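Working notes, structure below.
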Amino acid sequence: MDRKEIEKRRHELLEELNRELNGAQIAAVVRKDEGVPEMVSAILDEMGDGDMEILGDFYFGPIRTEDDPAQQFLCVITITDELPPERLPALYEAISYINFTLPAGCFSVDKDHRFFCFVLNTLLPMDLEDPLLFREMDLAVGNACAIADSYIGILTDVLNGDIGVDGVVEFLGGPS
């Protein structure tokens, strides 16, 4: 499959994901901005405490070669873009404990310390038929949302200074 065919296929799959999200009453749009891959961006207002504006971006990683046997599908859920510098050490430690327990994906802060997010990177076979590929994409989105939502509250409490790292250890079932 050549690069143009791969990009066309990915576009159609992203359009289908967008339709599914909108059908589930989740505000979403397919967008293509300069310098970034085409993606579905969604407002995930059912996550967190309801007062947060959590955004999900779902997209394919770059095509390295047309002969690659697998492709990346990424789910990036941005929890906040307000990171008080004085809370970062506690957040980093809390993230490290939580990431150790996760079945997939990881919580992260971008290199410029502007965004706190959850990232799930899924490898999918390049030759998977579209219905099966879409099913895997849909599962990745659902898994990313479920995993992130399980920890947003506790990590937001750390970020806000409401609890310390000991509270995260206790939350995870460790000694208090």
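The values are calculated or read from the model by the stated rules, or taken from the named source; none is laboratory data. The model shown is predicted, which means the values in this text are computed figures rather than measured ones. Counting neighbours? That spans all protein chains shown, and the Cβs are built from the backbone with ideal geometry, glycine included. Side chains included, ligands, DNA and RNA excluded: accessible areas come from the protein's heavy atoms. Shrake-Rupley method; radii C 1.70, N 1.55, O 1.52, S 1.80 Å.
Observations on the structure shown:
- Flag for P85 being open to solvent by 80 Å² or more (accessible area, probe 1.4 Å) and more than 26 Å from L172 (Cα to Cα): no
- Answer residue from the range 130-140, given it is touching a residue at least 24 places away in the same chain (Cβ under 8 Å) and surrounded by fewer than 18 Cβ atoms within 10 Å (Cβ to Cβ) and is nearest to the chain's Cα centre (by Cα) among those: D138
- Within the range 112-145, the set of residues being charged (D, E, K, R) and either closer than 16 Å to S41 by Cα or modelled with pLDDT under 95 (or both) comprises D112, R114, D127, E129, D130, D138.
Yes or no, residue by residue, for (1) within 13 Å of the chain's Cα centre (by Cα); (2) loosely packed, with under 12 Cβ neighbours inside 10 Å; (3) closer than 30 Å to M126 by Cβ:
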| site | (1), (2), (3) |
| --- | --- |
| E53 | no, no, no |
| F58 | yes, no, yes |
| T65 | no, yes, yes |
| P89 | no, yes, no |
| I95 | no, no, no |
| F100 | no, yes, no |
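For (1) in a helix (DSSP H, G or I); (2) out of contact with any helix residue (DSSP H, G or I) (no Cβ under 9 Å at 6 or more places or on another chain); (3) more than 23 Å from L55 (Cβ to Cβ); (4) without any contact (Cβ under 8 Å) to a residue 40 or more places away in the chain, each residue gets a yes or a no:
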| residue | (1), (2), (3), (4) |
| --- | --- |
| D67 | no, yes, yes, yes |
| A94 | yes, no, no, no |
| Y97 | yes, no, yes, no |
| V119 | no, no, no, no |
| L128 | no, no, yes, yes |
| I154 | yes, no, no, no |
| V158 | yes, no, no, no |
| V168 | yes, no, yes, no |
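- Among all positions in the range 160-176, there is no residue which is crowded, with 16+ Cβ neighbours inside 10 Å and closer than 24 Å to I43 by Cα.
- When V76, V40, V29 are checked against the criterion of being open to solvent by 60 Å² or more (accessible area, probe 1.4 Å) and part of a strand (DSSP E or B), a single residue qualifies: V29.
- Scanning the range 6-25 for residues that are under 20 Å from the mean Cα position of the chain (by Cα) and open to solvent by less than 30 Å² (accessible area, probe 1.4 Å) gives R10, L13, L14, L17, N18, L21.
- Hits in the range 141-158 - residues which are over 24 Å from Y97 (Cβ atoms) and surrounded by fewer than 21 Cβ atoms within 10 Å (Cβ to Cβ): G142
- Of the residues in the range 107-117, none is open to solvent by less than 40 Å² (accessible area, probe 1.4 Å), of a type in the set (A, V, I, L, M, F, W, C) and either closer than 22 Å to L13 by Cβ or in a helix (DSSP H, G or I) (or both).
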